[in-house]
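Asks: Following this message is one structure expressed as structure tokens.
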Amino acid sequence: MTISKAIYKRGKTAGVFPSLSSRRDEAYMSFIEDARNLLLHAQQKPIGAYSRLLLQNAGKSMESDPRSTTEAKELLMKDNVLKTYYRVKRSLQESFWECTLNSLNMRKNDLLRALDDAEKIGPGSVTYDPDFSIPEYATAEIHIQPGGNANEPLSGLLYDYGSKVFMGGAADNDMFANMQANTVSAPKNGKVDRILDLGCSAGATTTALKRIYPDAEIWGIDVSSHMVRYAHLRALEQNLDINFKQMLAEELEFDDNCFDIVVANLLFHEVPVSISKKIIKETLRVLRPGGSFTLFDFPGDKKGDVYAMFFGEMDAIDNGEPFIPGFVRSNVEELMEEGGFKMDKYDPDKFILAERVGFKPIN
Amino acid sequence: MTDKKPNDLENLKDLPGFKRSNPIYFESEVVDHLISIVLDLGAELWVVKDRLAHFEEVLSENNKFSLTDLQVGKPSELLQEKLDEERKQMIKRIYGRLYSKYGGELAEEKGAI
């Protein structure tokens, strides 16, 4: 049994992603990726400075509360420069999903057959339940990705290529995931036999962890069967022995004290805060005493900065991030401590994200 | 007795961004559509320029035309590098003025990190 190679008839892009269906689609998406880099990423700082100046000139408070954020939004979105910036952001986002989905759909059968083939072979495994009950919060169309993560059979591929474009090339060859995985804290006694990646999506962090800990048993779990199916195919292409399973991070199907390291990369801002609390509780349960929990996600709004909150609220709409405002206002470090973790590290600026590390107390 | 559902799990569909919407940023949605159209035209123009350059390369190398070569083949690394640079310059030239004084020469290439 081998995987149908029809999906790689045009080779691979940015690592293990099967190249888009035609040169036309690649050219179109290269334009979108460069336009995002040049017109959005490169403009983020000057646009931020310009926005703050507008707020300052209008005598608006820079301290954040829901009322001041609403006022800031009303003021800033009257400005034509800012309207254009956010319109461009949204239009490019819509274009890249449309092109990627159309391109993948041109050979949907080949792609689905490859995913079917992959689940029958190892190394590693993938387990999912066609009758799995997806919680309502996980049906959100995150990043305005068509169908969201849970409802589109090609969502793993869509997400993987979307990350490439969204990250402006920083996700190519899993560069970003490798950088993050290299900073994951090990337990103080150095024993690492089992690792769990929560909300693993396409499995980039999971495979990066396997390369760092080749002898450890690695698990990647995600609410979406389509994600774990693609993550398994992706790991197979790299000949990595990893177990992927469809599972809720807030209802882990693992024994107590059975993992040495748990990682959550960009998961917490995609769930409501009440779910985050449950995930923290479950993580503490499955970690062995002395085990580490590394959480990569956006920094919180500790300064109460009104522009940062405005930017987050715009992102909620433009980028389909309904839970970001709640996440940013919550204090995840505090939630981890309240959940029983001994906090070891909070770095608010680790590769554009914040890194939070806590250990399960030994006594 | 049943567990009370946390407040943040109520009315999820009403949260901004939960379901894909069609946000409008300008007073007239025509302006929003025009910006989308202009960006898309740029992408389509780039597709044509890319294809033409590839076409010329295929013709000169093979001394014959093959539709399959153009559709599923990839340009040489040298041409790809040239195209990558040309595309960036095209975006800067056409769209750099979008944000008025914040565009143009300030639109330097910069990735997410």
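Asks: Quick one: net charge of B:GLY42's neighbours, Cβ under 12 Å, K/R +1, D/E -1?
Replies: My count for the surroundings of B:GLY42 gives +1.
Asks: From other protein chains only, count the Cβ atoms within 10 Å of every residue's Cβ in A:39-50, then give the mean.
Replies: If you average over the peptide's residues, the count of other-chain Cβ atoms is 4.
Asks: Setting aside same-chain residues fewer than 8 positions from B:LYS92, which aspartates and glutamates have a Cα under 14 Å from its Cα?
Replies: Partners found: A:GLU33, A:ASP34, B:ASP84, B:GLU105, B:GLU108, B:GLU109.
Asks: Looking only at other chains, what is the average number of their beta-carbon atoms within 10 angstrom of each beta-carbon in B:21-28?
Replies: Other-chain Cβ atoms within 10 Å of each residue's Cβ, averaged: 5.
Asks: Give the shape of the protein assembly as shown as rounded, prolate or oblate, defined through the alpha-carbon gyration tensor: a ≥ b ≥ c are the square roots of its eigenvalues, a/c under 1.5 means rounded, and otherwise the shape is prolate if a/b is larger than b/c and oblate if not.
Replies: Oblate shape, in that a/c is at least 1.5 and b/c is the bigger or equal ratio.
Asks: Right, next: Apply the a/c threshold of 1.5 to the C-alpha gyration tensor of segment A:90-183 and tell me whether it is rounded, prolate or oblate.
Replies: rounded
Asks: Looking at chain A, what % of its DSSP beta bridges pair antiparallel, to the nearest 5?
Replies: Within chain A, antiparallel bridges account for around 40 percent of the total.
Asks: A further question on this structure: Order these by the 10 Å Cβ neighbour count, fewest first: A:ARG10, A:ARG211.
Replies: Ordered from fewest to most neighbouring Cβ atoms within 10 Å, A:ARG10, A:ARG211 come out as A:ARG211, A:ARG10.
Asks: Something else now. Given the peptides B:37-50, A:317-330, arrange them by the average over their residues of other C-beta atoms within 10 Å, most packed first.
Replies: Going from most to least packed, we get A:317-330, B:37-50.
Asks: Using the Cα gyration tensor of segment A:217-363, with a ≥ b ≥ c the square roots of its eigenvalues, what is the shape: rounded (a/c below 1.5), prolate (a/b larger than b/c) or oblate (neither)?
Replies: Oblate is the answer for segment A:217-363, as a/c is 1.5 or above yet b/c matches or exceeds a/b.
Asks: Go through A:LYS73/B:LYS13; A:LYS108/A:LYS350; A:LYS5/A:LYS278; A:LYS360/B:LYS13 and tell me which ones have a Cα-Cα distance over 31 Å in this structure.
Replies: With Cα atoms farther than 31 Å apart: A:LYS108/A:LYS350; A:LYS5/A:LYS278; A:LYS360/B:LYS13.
Asks: Partner chain Cβ atoms within 10 Å, averaged over the residues of A:312-322 - can you pull that number for me?
Replies: Whole-number average of other-chain Cβ neighbours for A:312-322 is 4.
Asks: Rounded to the nearest 500, what is the 222 nm mean residue ellipticity of the protein assembly as shown from helices alone, with -39500 (n - 2.57) per DSSP H run of 4+ residues and division by all residues?
Replies: Roughly -15000 deg cm²/dmol at 222 nm, from the helical runs in the protein assembly as shown.
Asks: Counting only other residues whose beta carbon sits under 13 Å from that of B:LYS19, what net charge do I get with K and R as +1, D and E as -1?
Replies: Cβ neighbours under 13 Å give a net charge of -2.
Asks: As a footprinting exposure proxy, order A:VAL81, A:VAL126, A:VAL286 by other Cβ within 10 Å, with the fewest listed first.
Replies: Least crowded to most crowded, the residues run A:VAL81, A:VAL286, A:VAL126.
Asks: Just to confirm my numbers, what's the Cα centroid distance between segment A:107-168 and segment A:199-248 in Å?
Replies: Each part reduced to its Cα centre gives a spacing of 13 Å.
Asks: Within 9 Å, Cβ to Cβ, of A:GLY340, how many net charges do the neighbouring residues add up to if Lys/Arg are +1 and Asp/Glu are -1?
Replies: Residues close to A:GLY340 contribute a combined charge of +1.
Asks: Another one. Under 17 Å Cα-Cα from A:LYS245, which lysines qualify once same-chain neighbours fewer than 8 residues away are excluded?
Replies: Within reach: A:LYS120, A:LYS210.
Every number in this text was worked out from the coordinates using simple rules, so none of it is lab data. This one's a predicted model, so the numbers in the text were calculated from it and none came from an experiment. We place every Cβ from the backbone using ideal geometry, glycine too, and count neighbours over all the protein chains shown.
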